[in-house]
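Here is the structure we will look at.
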Amino acid sequence: MSYDLVVIGTGPGGYVCAIRAAQLGLKTAVVEKRKTHGGTCLNIGCIPSKALLHASDLFEEAGHEFAHLGIQVGKPKLDLAAMMKHKDDTVGANVQGVAFLLKKNKVDAFVGTGSIPAAGKVLVTAEDGSTQTLDAKNIVIATGSDVASPPGVKVDFDEKVIVSSTGAIALEKVPAKMLVIGAGVIGLELGSVWRRLGAEVTVVEYLDRILPGMDSEVAKQFQRMLEKQGIKFLLSSKVTGVEKAKSGGTVTFEPVAGGEATTLSADVVLVATGRRPYTDGLGLEAAGVALDRGRIVIDDHFRSSVPGIYAIGDVVRGPMLAHKAEDEGVACAEIIAGKAGHVNYDVIPGVVYTMPEVAAVGKTEEELKAAGIAYTVGKFPFTANGRARAMRKMDGFAKVLACAQTDRVLGVHIIGAGAGDMIHEAAVLMEFGGSSEDLARTCHAHPTMSEAVKEAAMAVEKRAIHI
Amino acid sequence: MAERNCRLLVIGGGPGGYVAAIRAGRLGLDTILVEAETLGGTCLNIGCIPSKALIHAAEEFEAAKHRAGKNPLGITASAPSIDLAATVAWKDGIVDRLTGGVAGLLRKGKVTVIRGRATFRDGRTVEIATADGVEIVRPENTIIATGSVPVELPFLPFGGKVISSTQALSLAEVPRRLVVVGGGYIGLELGTAYAKLGSDVTVVEAAGKILPQYDAELTRPVAARLAQLGVKVMAETKAKGLSADGECLVVTRADGSEEVLAADRILVTVGRRPRIEGAGIEKLGLTTERGAIRIDERCRTSMHGIFAIGDVTSEPMLAHRAMAQGEMVADIVAGESRVWDKVAIPAVCFTDPELVSVGLAPEEAKAAGHETITGLFPFQANGRAMTTGRDDGFVRVTARASDHLVLGIQAVGPGISELSASFGLALEMGARLEDIAHTIHAHPTRGEALQEAALKALGHALHI
């Protein structure tokens with residue numbers, strides 16, 4: 001079989017790349033080792049975790065919110081198996097959707113593990129060991145990432161007691177106590193799910209702050225909100241051991257600054273210390289594809305060191321985000337088809353789907369300081385927003401960072417219910433190189449929470465009205 | 001009789017008026033604001049804010065009902081009951097808090113607030129009847145921001161069973177049978193809320209369908225959800241009046257036949273009209289147009305030194321339009337060069353699902369003489385929508401065929417009101433379809449549907 005393009009991996013980067021290539025007239029195939037398409041995101045990542053976040057949020061509201069609204073209801077009970085089924089059904093619908101889209105766009109799908117014996121060839125090894133070789137004028141590696149253990153610690157995941165995110169979205173019962181290693185997005189989202197469903201959750205983090213990489217003021221305020229919800233944080237703590245015990249598991253950690261080690265036990269230990277690029281079994285070394293600290297080295301056109309082999313998504317540089325991979329997939333397909341594909345890495349929104357949500361696009365205050373860029377800050381709290389009050393979602397604020405000289409918006413940070421949807425106007429604005437004044441002078445519907453984003457933009461020039 | 005002069009007098013403390021006054025105060029203008037009732041106007045006291053609070057409570061209640069018994073999310077609770085008095089008290093608390101907040105902001109802006117009823121004596125003299133007597137104000141500039149009032153049907157006057165949106169926000173108990181006259185956004189927002197709280201709701205609409213100003217494609221998901229909630233919609237039906245015993249509403253169907261609808265409450269929401277009478281505005285001889293004060297692109301009326309903003313200047317009667325106008329007029333009075341050049345004023349219906357329209361709908365764009373292309377992306381193909389168990393609705397974008405300039409964006413779907421901000425911004429920035437299509441939208445969010453709709457219009461949607 002001979003193709004213009006073979007994409008290895010059908011996560012969001014891979015399947016989108018294949019669909020775009022097919023739209024552009026390339027004869028395209030995908031190779032996927034999972035039984036279903038969609039990769040980490042759809043099968044064991046974004047989508048199932050959001051399904052659980054949604055359901056657990058409703059559970060919590062039923063238990064704590066209703067009385068304020070004049071709604072009387074008995075204590076809600078949880079049927080975890082049914083909630084998991086909601087998650088599985090959501091995943092099922094999503095992955096079937098991808099299969100349908102691939103078929104609709106006439107992309108051939110091969111089930112098996114892909115490897116690259118030589119440039120221009122992709123070997124597909126099925127589960128039963130049978131193989132098949134595809135000729136490929138172009139190859140895109142979109143094999144994604146896998147769970148990483150904390151540096152220097154060996155972790156035996158059994159996905160029941162010692163779990164990664166994969167196990168944490170499929171627990172059979174709510175643990176009484178849960179330890180989360182890593183205060184990044186995954187740890188805080190899944191920690192929130194189980195806290196809402198009744199677990200006592202403690203998060204152990206190496207750094208002296210949560211949400212590394214995000215704006216530190218946002219992180220600090222967010223930590224306070226999560227603590228108020230009942231999550232405990234042990235920061236500046238270096239994990240030295242994760243063990244399975246007779247019942248449950250233990251985590252041993254010591255202060256980063258040095259000092260005595262502590263061991264805590266819990267029913268479930270979630271290791272969420274990040275992800276590593278997944279290139280196992282691709283045969284990259286033999287093919288001569290260069291790696292840098294595990295990531296495939298690419299140029300601005302997604303080309304690896306070997307002609308005809310491209311790479312996108314978690315397996316290359318940049319943030320490990322589904323939407324970044326998707327955009328790379330589109331751009332890469334366009335480049336292979338002889339068009340001008342491009343990704344603007346300065347405007348990639350990031351969202352944490354907790355309650356409240358956290359969303360950001362562009363630079364943080366720390367990044368601007370480090371780069372020596374003079375900037376002005378406009379901030380507006382949701383406590384002063386009518387819609388937020390009408391929904392009892394007053395936690396959080398919007399913050400706009402603009403260049404002090406030109407007023408161009410350099411970063412927007414939002415913490416609040418629905419922040420993940422509100423961030424998009426900032427993304428569109430920044431794609432236009434828009435100023436805080438552009439945002440401030442755009443009529444925003446009343447009463448919406450997005451008015452706070454506008455007011456924050458107005459606050460950049462100290463002309464906010466409602467504060 | 002006390003007399004005083006000022007640079008700016010604002011008549012009316014609704015969103016338009018208080019924003020104008022705060023802005024003027026901060027710009028150093030000597031400003032007086034007159035309000036006869038509570039600060040915050042219709043919006044904060046008896047409009048947007050309290051209705052959204054009630055809608056939120058009703059939505060939660062309905063969700064709770066849905067959870068009493070077997071349901072896909074795995075949350076089981078006993079059947080909930082509603083203590084509407086407690087809901088209303090909670091809502092009143094929010095209103096107090098926000099109106100108090102407005103008072104604080106005015107104080108901070110050094111605006112003098114006079115509680116009383118203003119009447120123009122002439123274009124330069126305004127008389128204010130306060131509890132302590134009459135005051136005379138001689139302003140250099142005046143902003144009329146008196147807002148609007150619900151339209152009353154002569155054959156169905158407010159009183160007794162017949163209520164306006166104001167009373168509907170403060171009922172002591174959930175009416176068993178509620179008839180809503182007028183299937184516009186106010187009637188549907190409140191009708192939906194009461195349906196969720198347990199009322200048996202019938203909507204009577206004279207036009208051929210609900211939300212007549214929006215196209216059928218856009219309103220279809222709302223109609224479908226109303227049916228699911230058990231709301232009966234009677235289109236092409238006109239209210240005629242109360243039955244002889246005053247217990248029921250008599251309506252006339254399209255075929256001329258009459259029908260009698262039993263009702264515990266009859267909510268009349270057939271629109272709002274500018275509030276011109278009562279402040280001596282008629283005496284000024286300002287140019288009006290269909291009952292509204294006519295203004296130019298700087299909100300100037302036909303009389304020098306007198307501005308008008310908000311609902312009193314006609315449609316669209318939206319708080320955010322009034323606020324933007326108020327802010328602009330304050331700048332103008334302070335000597336700044338400003339002009340009304342908004343491309344887009346988003347309109348949001350907080351129905352279930354919510355509905356947003358910014359700019360032109362496909363038919364409107366065609367009628368305006370544009371050759372257009374349109375892209376529609378359904379939430380059925382959106383991952384985030386699926387995770388919430390509600391995938392009804394879509395995002396639709398219309399652009400000029402020649403250069404892909406975006407002319408309008410509409411959406412319908414649960415919780416999509418917040419998408420209105422990015423729709424409005426895209427239009428204000430003069431976005432082309434490519435601009436939206438090439439902006440990375442976070443995954444998984446409902447906002448991705450806008451990007452996909454733009455891709456669809458360009459002929460290469462990825463997820464459909």
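The values are calculated or read from the model by the stated rules, or taken from the named source; none is laboratory data. As the structure is a prediction and not an experimental result, all values here were calculated from the model. Neighbour counts run over all protein chains shown; Cβ positions are idealised from the backbone, glycine included.
Annotations
- Counted residues, the range A:230-271 - those being in contact (Cβ under 8 Å) with a residue 60 or more places away in the chain and polar (S, T, N, Q): 2
- Options A:254, A:217; residue that is of a type in the set (Asp, Glu), at pLDDT 95 or above and either in a strand (DSSP E or B) or buried (at least 23 other Cβ atoms within 10 Å of the Cβ) (or both): A:254
- Checking each residue in the range B:293-344 for being in contact (Cβ under 8 Å) with a residue 12 or more places away in the chain, within 21 Å of residue B:31 (Cα to Cα) and basic (Lys, Arg) picks out B:298, B:338.
- Test: residue in the range B:231-245 that is out of contact with any Asp or Glu (no Cβ under 9 Å at 6 or more places or on another chain) and either among the aromatic types (Phe, Trp, Tyr) or in a helix (DSSP H, G or I) (or both): no
- Test: residue in the range A:326-342 that is of a type in the set (Asp, Glu) and facing another protein chain (nearest Cβ under 9 Å): yes
- A Cβ distance below 7 Å, combined with a sequence gap of six or more or placement on separate chains, defines the contacts here; from the range A:309-330, residues that are outside any strand (DSSP E or B) reach residues that are among the basic types (Lys, Arg) and surrounded by fewer than 24 Cβ atoms within 10 Å (Cβ to Cβ) in the pairs A:314/A:275; A:315/A:295; A:316/A:295; A:317/A:295; A:320/A:275.
- The single condition among (1) more than 30 Å from residue A:14 (Cβ to Cβ); (2) within 7 Å of chain B (Cβ to nearest Cβ) that residue A:67 does not satisfy is (2).
- The condition (being free of Cβ contacts under 8 Å to residues at least 40 places away in the same chain, hydrophobic (A, V, I, L, M, F, W, C) and surrounded by 18 or more Cβ atoms within 10 Å (Cβ to Cβ)) is satisfied by just one residue among B:186, B:210, B:143, B:163: B:210.
- Unique match (being surrounded by fewer than 21 Cβ atoms within 10 Å (Cβ to Cβ), free of Cβ contacts under 8 Å to residues at least 12 places away in the same chain, in a loop (DSSP other than H, G, I, E, B) and not hydroxyl-bearing (Ser, Thr, Tyr)) among A:25, A:92, A:74: A:74
- Members of the range B:263-283 that are farther than 19 Å from residue B:167 by Cβ and under 29 Å from the mean Cα position of the chain (by Cα): B:274, B:276, B:277, B:278, B:279, B:280, B:281, B:282
- The set of residues in the range A:381-427 being closer than 18 Å to residue A:217 by Cα and charged (D, E, K, R) consists of A:395, A:399.
- Selection from the range A:319-356 of residues that are farther than 17 Å from residue A:5 by Cβ and either touching a Leu at 6+ places or on another chain (Cβ under 7 Å) or among the β-branched types (Val, Ile, Thr) (or both): A:343, A:347, A:348, A:350, A:351, A:352, A:353, A:354
- Condition check for residue A:35: farther than 30 Å from residue A:276 by Cβ, more than 7 Å from chain B (Cβ to nearest Cβ) and of a type outside the set (A, V, I, L, M): no
- Odd one out for residue A:342, checked against (1) assigned to a helix (DSSP H, G or I); (2) surrounded by fewer than 17 Cβ atoms within 10 Å (Cβ to Cβ); (3) without any contact (Cβ under 8 Å) to a residue 24 or more places away in the chain: (1)
- Residue satisfying all of: in the range A:454-467; more than 20 Å from residue A:406 (Cβ to Cβ) and buried (at least 24 other Cβ atoms within 10 Å of the Cβ); nearest to the other protein chains (Cβ to nearest Cβ) among these: A:465
- Yes/no for residue A:12 being closer than 28 Å to residue A:350 by Cβ and at the interface with chain B (Cβ under 7 Å from one of its Cβ atoms): yes
- Residues of the range A:120-170 that turn out to be touching a Pro at 6+ places or on another chain (Cβ under 6 Å) and either part of a strand (DSSP E or B) or of a type in the set (S, T, N, Q) (or both), as a count: 2
- Of all residues in the range A:366-377, those satisfying the criterion of being more than 10 Å from residue A:399 (Cα to Cα) and surrounded by 14 or more Cβ atoms within 10 Å (Cβ to Cβ) are A:367, A:368, A:373, A:375, A:376.
- Some residue of the range A:265-288 being within 14 Å of chain B (Cβ to nearest Cβ), under 21 Å from the mean Cα position of the chain (by Cα) and over 27 Å from residue A:237 (Cα atoms): no
- Of all positions in the range A:272-287, none carries a residue that is surrounded by 17 or more Cβ atoms within 10 Å (Cβ to Cβ) and without any contact (Cβ under 8 Å) to a residue 60 or more places away in the chain.
- Selected residue (criterion: surrounded by the most Cβ atoms within 10 Å (Cβ to Cβ)) from residues of the range B:56-90 that are more than 8 Å from chain A (Cβ to nearest Cβ) and part of a helix (DSSP H, G or I): B:58
- Restricting attention to the range A:406-438 and to residues that are more than 18 Å from residue B:441 (Cα to Cα) and assigned to a helix (DSSP H, G or I), the residue that is nearest to the other protein chains (Cβ to nearest Cβ) turns out to be A:438.
- Screening residue A:61 against (1) within 10 Å of chain B (Cβ to nearest Cβ); (2) in contact with a Leu (Cβ under 8 Å, 6 or more places away or on another chain); (3) over 18 Å from residue A:46 (Cα atoms) leaves a single unmet condition, (2).
- The condition (being in contact (Cβ under 8 Å) with a residue 12 or more places away in the chain, surrounded by fewer than 21 Cβ atoms within 10 Å (Cβ to Cβ) and hydroxyl-bearing (Ser, Thr, Tyr)) is satisfied by just one residue among A:133, A:143: A:133.
- The single residue among B:396, B:446 that is more than 7 Å from every other protein chain (Cβ to nearest Cβ), crowded, with 24+ Cβ neighbours inside 10 Å and among the charged types (D, E, K, R) turns out to be B:396.
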